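One structure below.
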Amino acid sequence: MASSSDETTPRKISAAVGRGLRLRCPKCGEGKAFRAFLKVNNHCPACGEALYHHRADDAPPYVVITIVGHILVGLVLVIEKNYPLDLYLQAAIWLPLTAALCLLLLPPVKGALIGLQWALKMHGFDPNSPEALEPAPELKPVAGT
């Protein structure tokens, strides 16, 4: 349970986003925020902070697409200008690289957005909001765990 001083203390956005990027709880930075690849824990295993309030639904993929697009377009232009390659070779390079970058960046970006929501007290992360009173959803078993 949060104390009244925790409710009024401003939350540092940079710290919460940084912890989220490391896939950790935005409050304490110790507990794991994720129980599987993109499945967020209902509560932090270290400090007990409720994490099920997050609403990071479609935002992480859009952010990842923007980041990966900026990285790959620059690389494609540099390679194409200096080393013209056949189309099949380009497809063999860029398609797996695109998929790998997207899969690599998706969890940290989702964690950062959850950290941002926590720091800004959005979607039930404010202890005084009606959403904060909603019960945690039941955990469904994750395959392979």
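One table, with the values for the structure above:
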{"read-out": "Some residue of the stretch 100-119 being assigned to a helix (DSSP H, G or I), more than 14 Å from the chain's Cα centre (by Cα) and touching a residue at least 12 places away in the same chain (Cβ under 8 Å)", "value": "yes"}
{"read-out": "In the stretch 120-137, the residues that are in contact with a helix residue (DSSP H, G or I) (Cβ under 8 Å, 6 or more places away or on another chain), closer than 11 Å to TYR52 by Cβ and not hydrophobic (A, V, I, L, M, F, W, C)", "value": "HIS123, GLY124"}
{"read-out": "Which listed residue, of LEU72, LEU133, is in contact with a Phe, Trp or Tyr (Cβ under 7 Å, 6 or more places away or on another chain) and over 21 Å from ARG24 (Cα atoms)", "value": "LEU72"}
{"read-out": "The lone exception for HIS123 - which of (1) at negative phi; (2) out of contact with any Phe, Trp or Tyr (no Cβ under 8 Å at 6 or more places or on another chain); (3) of a type outside the set (Phe, Trp, Tyr) it fails", "value": "(1)"}
{"read-out": "Residues of the stretch 15-42 satisfying the condition of being farther than 19 Å from MET122 by Cβ, more than 11 Å from the chain's Cα centre (by Cα) and charged (D, E, K, R)", "value": "GLU30, LYS32, ARG35"}
{"read-out": "Count of the stretch 27-78 residues which are modelled with pLDDT of 95 or more, crowded, with 17+ Cβ neighbours inside 10 Å and over 14 Å from GLY111 (Cβ atoms)", "value": "1"}
{"read-out": "Candidate set: the stretch 99-145, residues that are among the β-branched types (Val, Ile, Thr) and farther than 18 Å from ILE65 by Cβ; chosen: the one modelled with the lowest pLDDT", "value": "THR145"}
{"read-out": "Which numbered condition PRO96 misses (of (1) modelled with pLDDT under 95; (2) surrounded by fewer than 12 Cβ atoms within 10 Å (Cβ to Cβ); (3) farther than 30 Å from PRO10 by Cβ)", "value": "(1)"}
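The values are calculated or read from the model by the stated rules, or taken from the named source; none is laboratory data. Since this is a predicted model, take the numbers as computed values, not measurements. In this analysis, Cβ positions are derived from the backbone assuming ideal geometry, glycine residues included, and neighbour counts consider all displayed protein chains.
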